[in-house]
1. Are there any pairs, at least 6 apart or on different chains, whose C-beta atoms fall under 6 Å, with the first in the range 73-85 and closer than 10 Å to Tyr131 by Cβ and the second of a type in the set (Phe, Trp, Tyr) and buried (at least 20 other Cβ atoms within 10 Å of the Cβ), and if so, which?
2. Hey, among the residues in the range 99-113 that are buried (at least 18 other Cβ atoms within 10 Å of the Cβ) and of a type outside the set (S, T, N, Q), which one's farthest from Gln198 (Cα to Cα)?
3. (1) open to solvent by 70 Å² or more (accessible area, probe 1.4 Å); (2) in a helix (DSSP H, G or I); (3) not β-branched (Val, Ile, Thr): which one isn't true of Asn221, the others all being true?
4. So, in the range 55-90, exactly how many residues are assigned to a loop (DSSP other than H, G, I, E, B) and among the hydrophobic types (A, V, I, L, M, F, W, C)?
5. Can you work out which of the residues in the range 167-192 that are hydrophobic (A, V, I, L, M, F, W, C) and buried (at least 18 other Cβ atoms within 10 Å of the Cβ) is farthest from the chain's Cα centre (by Cα)?
6. Please indicate, with yes or no, whether at least one residue in the range 199-208 is part of a helix (DSSP H, G or I), of a type in the set (Ser, Thr, Tyr), open to solvent by less than 40 Å² (accessible area, probe 1.4 Å) and out of contact with any His (no Cβ under 8 Å at 6 or more places or on another chain).
Amino acid sequence: MTNGIILLIILSACWPSLSFGQQASFVDLTEPESITPQPEPQPAPLVSKRIFGIIPNNRTWPSLTDYKPLSPKEKFEIARQDSFDRGTIILAAAFAADAQLTNANPAFGQGVRGYARYFGASYADFVVGNYMSEAIFPTLLHQDPRYFRRGLGTKWSRMGYAIGQIFWTHTDSDRTQFNYSEILGNSTAVAISNVYYQDNRSAANSAGKLGMQIGVDMASNALKEFWPDISRKFSSKNRQ
């Protein structure tokens, strides 16, 4: 249903004077000792909240340096931001249009009423998936829903790292663990979607939707890893 849009997203990605009032003294007139200035610690780089100005990017974190876990409230806030972002609405509208054009769910029908049903189902997919994989399961299983960028190394090593975070994630206790939140969260979302997808309720369709969602999340992680590099290139071209 969304293969064309997903492929477009993936292809687009892959890349010391005296102070006033102070009197001079003998000490003042001598040459001061040379002191090597100590560099101040640099703040973590800001992360763009949207990729290509559309795709929500609230879960990306610059690195694992000085790791601090999220509270349950913060996890639900990330899910809320991702779910009700204007970019999510735009993506849901685009996915709904693609599904209607391909008549992915004939029971929805065509025309304005049919598109409204496609849009509602598409948007529900995003919202349910976000809350399940970013808030509910991460809170229950004490896992961190954020994507932590690597930012260093070869392109292939970074790509492998990005894909790997789909299956291996960070826990609130600063350890690593199989990413149950990703798999169980999306599996639950697919099961719930069978309520409103009347034409696609078979086990094969459910497995296909789960595989598609995991593939989309892989592409999303790759975009999150390389987006700062892509953004800098765009900024450099604009300055030139």
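1. As it stands, the answer is Ala79/Tyr131, since those pairs meet every condition given.
2. Ala99
3. (1)
4. So in the range 55-90, the residues assigned to a loop (DSSP other than H, G, I, E, B) come out as 57-59, 62-71, 84-85.
Those still in the list that are among the hydrophobic types (A, V, I, L, M, F, W, C) too: 64, 70, 84.
Looking only at that region, the number is 3.
5. That would be Val190.
6. Let us first name the residues in the range 199-208 that are part of a helix (DSSP H, G or I), namely 203-208.
If we keep only those that are of a type in the set (Ser, Thr, Tyr) as well, we get 206.
The next check asks that each one be open to solvent by less than 40 Å² (accessible area, probe 1.4 Å); those that pass are 206.
Filter once more, keeping what is out of contact with any His (no Cβ under 8 Å at 6 or more places or on another chain): 206.
Among the residues of the range 199-208, at least one is part of a helix (DSSP H, G or I), of a type in the set (Ser, Thr, Tyr), open to solvent by less than 40 Å² (accessible area, probe 1.4 Å) and out of contact with any His (no Cβ under 8 Å at 6 or more places or on another chain), which makes the answer yes.
Listed here are the residues, each with its yes/no results for (1) under 16 Å from Arg175 (Cα atoms); (2) among the acidic types (Asp, Glu); (3) more than 15 Å from the chain's Cα centre (by Cα); (4) open to solvent by 60 Å² or more (accessible area, probe 1.4 Å).
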residue: Tyr115; (1), (2), (3), (4): no, no, yes, yes
residue: Ser122; (1), (2), (3), (4): no, no, yes, no
residue: Val128; (1), (2), (3), (4): no, no, yes, no
residue: Tyr131; (1), (2), (3), (4): no, no, no, no
residue: Glu134; (1), (2), (3), (4): no, yes, no, no
residue: Phe137; (1), (2), (3), (4): no, no, yes, no
residue: Leu141; (1), (2), (3), (4): yes, no, yes, yes
residue: Asp144; (1), (2), (3), (4): yes, yes, no, no
residue: Phe148; (1), (2), (3), (4): yes, no, no, no
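The values are calculated or read from the model by the stated rules, or taken from the named source; none is laboratory data. Quantities reported herein were computed from a predicted structural model and do not represent experimental measurements. Counting neighbours? That spans all protein chains shown, and the Cβs are built from the backbone with ideal geometry, glycine included. Protein only, heavy atoms only, side chains kept; ligands, DNA and RNA dropped before computing areas. Shrake-Rupley method; radii C 1.70, N 1.55, O 1.52, S 1.80 Å.
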